[in-house]
Amino acid sequence: MSTLDPARFDPASFLRDYWQKKPLLIRNPWKEWRNPLEPDELAGLGCEPGIESRLISGAADALALEHGPLPDDRYDALGTAPWTLLVQAVDHHVPAVADLIQPFRFIPDWRIDDVMVSFATTGGGVGAHFDQYDVFLVQGLGRRRWRVGGMCDETSPLLPHDSLRLLADFEPVADYVLEPGDILYVPPGIAHEGTSLGNDCMTYSIGFRAPSVGELVDGWTEHLLDEAGDDDRYTDPDLTVQDNPGAIAPEALDRLHTMVTERLADKQAFARWFGEFSTAPKPSEIDWSPDTPFDPEQVAQELADGTPMLRNPASRFAFVDRVDGAVILFVDGQARDCAGDSADFARLLCASNHLRVSEPLAEDSEVISLITGLLNSGCLAFETGEA
Ligand code: SIN
Ligand code: CO
């Protein structure tokens, strides 16, 4: 696995000086850079149903977008015009690409989205644009010229285009050529444009996500609505005769307002909902659930044998500490309360995607039952298993 050299990249100073603030070119900070995926393999993923892919082709002033899955013979028909293939969530399908996320886990897992991989021929690029999210653009293979501009927002003028959001006024302020292993960090809103300098350009975009206030309000209130019982209603047993029956009295308004704000402001319930919301999996064709479900005895035996476990790269894991020392574990949108040994296991599970459980956790019946549930729902697998 490629790991970052702490002498060449310091996460703490990066977070302090650049994260969400300004772009940064990081010249090959890897101990040893190895490109984790071949162009042919990416081309194959672009043809697979159930995998999100796009092909952007044509001259820079006439880019055309096609959505995958692409027909097998599509690449041969492209001719000499520049093109770029972009495949989303490659980390879900290729363990070596999932390993690329590991060095960036100084940023919390819930902020990480996925690894998009692009392949481009000479002159290929997706045009000048800005993204809503932070991204580390890791040059995998070949060379790419990146030009970086200023801050944009929804008022920034766009070129007329049916499907691509391309900037009409792109004014680069920096210009870099990235070689294999180099990384360009781009914060949200910053204009950028990449152009391939050869026929073998592969770029890995480690992308992050940040919920918008609209998404949060929408999700949280929908959850509150689901929870609200129809008989949970306004009551006024202390009602007294009022002068004007048309008035909505201040006491009534206070009570109504409290009915809403109490629920909206419930931080504990919010933490539980947000854990579920932020670990909800993306729709995926990847199913790791075993053909024959595990029973706790089998699981106990594997743990006693020291069999390592692997997290499904398409699954999302997170936890929230509770004040009583227990934790709420979230896996793929489902919350589980874990106390004692199970809480220790939950923390271990959230810290590493490869794990081995030893005593006393391996002998705890609650831990065994938790692992059995996770194995059977395909979020976890024994490394000798069928995943
Ligand atoms: C690319 O890899 O070609 C595009 C990545 C990006 O600009 O976000
Ligand atoms: Co971009």
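What follows is calculated from the coordinates using simple rules that are stated; it is not laboratory data. Treat the numbers as computed from the prediction; the structure is a model and nothing was measured. Virtual Cβ from ideal backbone geometry, glycine too; neighbours counted across all protein chains shown.
Magnitude of the charge dipole for region 241-387, about its Cα centre and with charges confined to Cβ atoms of Lys, Arg (+1) and Asp, Glu (-1), is about 660 debye. Charging the Cβ of each Asp and Glu at -1 and of each Lys and Arg at +1, and nothing else, the dipole of region 19-170 about its Cα centre rounds to 880 debye. Over the residues of the chain, the helix contribution to mean residue ellipticity at 222 nm works out to -7000 deg cm²/dmol, using -39500 (n - 2.57) for each DSSP H run of at least 4. For the chain, modelled as a GNM whose springs connect Cα atoms under 10 angstrom apart, the maximal fluctuation among Asn244, Asn353, Asn312 occurs at Asn244.
Selection among Val331, Leu158, Ser352 by position relative to the dipole of the chain gives Leu158 as farthest towards the positive end (Cβ unit charges, Cα centre). Restricting the calculation to alpha carbons of region 261-387 gives Rg and Dmax of 15.0, 52 angstrom.
Here the Kirkwood formula, the inverse mean of 1/r across different C-alpha pairs, assigns region 99-200 a hydrodynamic radius of 14.6 Å.
Of Gly194, Gly306, Gly333, the residue with the greatest mean-square motion in the GNM of the chain, using alpha carbon springs below 10 Å, is Gly306.
Across region 280-324, Cα-Cα distances exceeding 15 Å account for 66% of all pairs. Mind pulling the angle between the C-alpha long axis of helix 250-264 and the longest principal axis of the chain? Nearest 10 degrees, somewhere in 0 to 90. Its long axis makes an angle of about 50 degrees.
Towards the positive end of the charge dipole of the chain, with charges on Cβ (+1 Lys, Arg; -1 Asp, Glu), say which of Thr384, Gly68, Ile101 has the farthest Cα. Positive-end residue among those listed: Ile101. Computed log10 I(q)/I(0) for region 197-261 at 0.15 Å⁻¹: -0.76, from the Debye equation with unit scatterers placed on every C-alpha and solvent omitted.
Rg/Rh for region 210-330 stands at 1.19; both radii use Cα atoms, and Rh follows the Kirkwood definition.
Between the helical axis of 213-227 and the dominant principal axis of the chain, each derived from Cα atoms, what acute angle in degrees is found, rounded to the nearest 10? It works out to around 40 degrees. Cross-link reach is defined here as a Cα-Cα straight distance under 13 Å, omitting same-chain residues fewer than 8 places apart; for Lys21 the aspartates and glutamates meeting it are Asp134. For the chain, a crude dipole built from +1 on the beta carbon of Lys and Arg and -1 on the beta carbon of Asp and Glu, taken about the Cα centre, is about 1780 debye to the nearest 20. Of all segments of the chain bounded by GluC sites (Glu not before Pro) found in a DSSP loop with no more than 15 other C-beta atoms within 10 Å, the longest spans 155-284. Put in order of Cβ neighbour count within 10 Å, fewest first, the listed residues Arg145, Arg27, Arg311 become Arg27, Arg145, Arg311. Label positions at Arg111 and Ala271, each projected 7 Å from the Cα along the C-beta direction, are separated by 2.0 nm. Remark: Val213, Val367, Val260 ranked as Val213, Val260, Val367, counting other beta-carbon atoms within 10 Å and listing the fewest first. The average projected area of the chain, computed from the convex hull of its Cα atoms over all directions, is 26.5 nm².
Counting charges near Leu159 (Lys, Arg +1; Asp, Glu -1) among other residues having Cβ under 10 Å from its Cβ returns a value of -1. Region 257-325 to region 56-76: how many Å between their Cα centroids? So the two Cα centres are separated by 38 Å. Think of region 253-295 as having a plus end and a minus end, set by charges on the Cβ of Lys, Arg, Asp and Glu; of Thr292, Leu253, Phe270, Leu253 sits farthest toward the positive end of this dipole.
When the Gaussian network model of the chain links Cα atoms closer than 10 Å, the mean-square fluctuations of Met116, Met202, Met259 top out at Met259. Between the Cα long axis of helix 365-376 and the first principal axis of the chain there is an angle of about 50°, rounded to the nearest 10.
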